[in-house]
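Remarks on the structure that follows.
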Amino acid sequence: MNQVNKQYISFRIAFFITSLSLLFACAGEAADKGDTTKDANAYMHQSDFDALVERFEGPERNAYQQPEKVMEWLGDIRGKKIMDIGAGTGYFSFRLAAGGAQVLAADVDTLFQQYILNKRDSLGIDAAALDTMLLPYDSPRLPGNSVDMVLVVNTYHHIANRKEYFADVLMGLRQDGELVIIDYFKKDLPVGPPAAHKIDYPVVVQELKSSGFTHFAIDTTLLEYQYCIRASI
């Protein structure tokens, strides 16, 4: 075999090994991202429904979530149409409705949706002020130009296909509308999921940029355990 052929074969082998390494690296990265989301969902559903209601509505959450402070930070919401994605028990949905917003409490769980409807009816709240929407895991099901705000509290890290998901959210926002993300700092905390399941706010901003958002206001001091992001275009 001449020298030229040897060099050519060596080049092909090196190219093959490099390509294979990159393929496995990319596959591993994608798997890690997907597994993190699955782990976060599995972690939450280790608790039964009643335990989740207690966790979402109990005094411990009030202590760290500071709902009055968050509502003040959101500003004047009277007359706005707001979609609360990952509404759960309606912790913020009911507060938004009380603040004068027209609220769509959206979640993937039928038990939480029924919980909200039962509570709404028991409180005598009109369906025009607060209604529910059952979501699939992979879509916000948000019609174009339909809401003034989308609120996502402690839920961002549960969503897998975030680039496409929040591109759809962006399409659903009206002119001057905004997306509000509130989620846990990525570190060990006395509340929330394990640190491995959390997504740090610089990553959230970069992901939302890939979805089309261009303007961001980030508050890392409003709440002790969570960051707050307002995203718009």
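Every number here is computed from the coordinates shown, using simple stated rules; none is lab data. From a predicted model like this one, the values you see are computed outputs, not experimental measurements. Cβ atoms come from the backbone with ideal geometry, glycine included; neighbour counts cover every protein chain shown.
Going by Cα centres, segment 150-198 and segment 90-144 are how many Å apart?
17 Å
Using amide H atoms built in the peptide plane, which far-off residues or other-chain residues are under 5 Å from Val103 H to H?
The answer is Ile82, Leu130, Asp131.
Would you work out which of Ala106, Thr132, Leu74 lies farthest towards the positive end of the dipole of segment 49-232, given +1 charges on the beta-carbon of Lys and Arg and -1 on that of Asp and Glu, about the Cα centre?
Leu74
Charges only on Cβ, +1 for Lys and Arg, -1 for Asp and Glu: so what's the dipole of segment 94-233 about the Cα centre, in debye to the nearest 20? Write out the running numbers ahead of the final one.
Numbers: 12 positive and 17 negative charges, 30 e Å.
Result for segment 94-233 is approximately 140 debye, rounded to the nearest 20.
Which value, in debye to the nearest 20, gives the size of the charge dipole of segment 185-233 about its Cα centre, when Lys and Arg are +1 and Asp and Glu are -1 at the Cβ? Can you show the working numbers first?
Values: 5 positive and 5 negative charges, 22 e Å.
My answer is approximately 100 debye.
Using only alpha carbon pairs under 8 Å that are at least six residues apart, calculate the relative contact order of segment 49-232 and give it in whole percent. Present the calculation step by step, with values, prior to reporting the outcome.
Numbers: 313 pairs, mean separation 32.7, N = 184.
Relative contact order comes out at 18 percent.
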